[in-house]
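*Asks:* One structure coming up, written as structure tokens, with questions to follow.
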Amino acid sequence: MNIQNPVVLYECSGDVATITLNRPSYINAFSVQMRDELYETLKLLRDDPNAKVAILKGSGERGFCAGADLTEFGTAPSQVIAREVRWERDLWGLFHTQPKPIVAALHGYVIGSGIEIASLCDIRIAADNCIFRMPEVALGMVPAAGGTQTIPRLIGTSRTSEFILSNRVMEVGEARKIGLVDRVVPRSELLKECLSVSRILSRHDNSALILARRAILLGLDLSLSEGLKLEKRFAETLSVV
């Protein structure tokens, strides 16, 4: 992690942590450095005994994240190499196995990797100035930060296909209507709303919070009958504590 010029910030106040993507001059474009620091920050969140919930936000007024930093990619062969480097650290798997809920605070531009990162969070709260777009296919690429797998789980296969393949802009009202985001609030109220939701979650029993989240995520890959068995096992775990 670059201590002198960090592009991901972490702080914890009480039992709510805040993770900030910190490249405002580039609309928090997702760089290799940001990938590495976010990976380490998620491990820090996981191991922080004080944090029960986290808010993930972007710094600056222009947007949450403008997608991958294409200045690191260059020509098409370099894009492939850059993506292979990103896969060396399983950031997306770390999001998935993170035991603590993460609330995404979205504003302004939420593009490409920005949508994919938000889709890995548990709750997405959007400011009323959000703009969403998935430009990868139009750039001759395939989304590689989980979007082809996470977005269909939020809005369905057909809507995801139309959105990813068309490269069109989605306004925040539509995103709320189809379930890409959970709430829409005025820009000035975004962090207040995210903190309010996070504090509600943090008041719950920590073991119940963690196990309920695990049941939801793990159940996506199971049949209904197997998922019900998993839920029963987790419920019994708490009942004997």
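*Asks:* Would you grab the residues whose amide H sits under 5 Å from the one on S31? Only those 5+ places off in sequence or on another chain, please, with H modelled 1.01 Å from N.
*Replies:* Close amide H contacts, sequence-distant or interchain: D69.
*Asks:* In whole Hz, with x marking every Gly and Pro, tabulate ³J(HN,Hα) for segment 5-17 from phi via Karplus 6.51 cos²θ - 1.76 cosθ + 1.60, θ = phi - 60°.
*Replies:* Ordered by residue, 3J(HN,Hα) equals 10, x, 9, 9, 10, 9, 8, 10, 10, x, 10, 10, 8 Hz.
*Asks:* What base-10 log of the normalised intensity I(q)/I(0) is obtained for segment 8-201 from the Debye formula, alpha carbons as equal point scatterers, at q = 0.10, 0.18 Å⁻¹?
*Replies:* -0.37, -1.27
*Asks:* Separate question: Counting only other residues whose beta carbon sits under 15 Å from that of R159, what net charge do I get with K and R as +1, D and E as -1?
*Replies:* Numbers: positive: R133, R153, R168, R176, K177; negative: E162, E171, E174.
Taking every Cβ under 15 Å from that of R159, the sum is +2.
*Asks:* Same structure again: Could you compute the FRET efficiency for V137 and R183, with r as their C-beta to C-beta distance and R0 at 30 Å, rounded to 0.05? Walk me through the numbers on the way to the answer.
*Replies:* Values: r = 29 Å, r/R0 = 0.95.
The computed FRET efficiency comes out at 0.55.
Readers should treat all values here as calculations from the given coordinates under stated rules, not as data from a laboratory. Predicted, not measured: the structure shown is a model, and the values here were computed from it. Methodologically, a virtual Cβ is constructed for each residue, glycine included, from the backbone with ideal geometry; neighbour enumeration extends over all protein chains shown.
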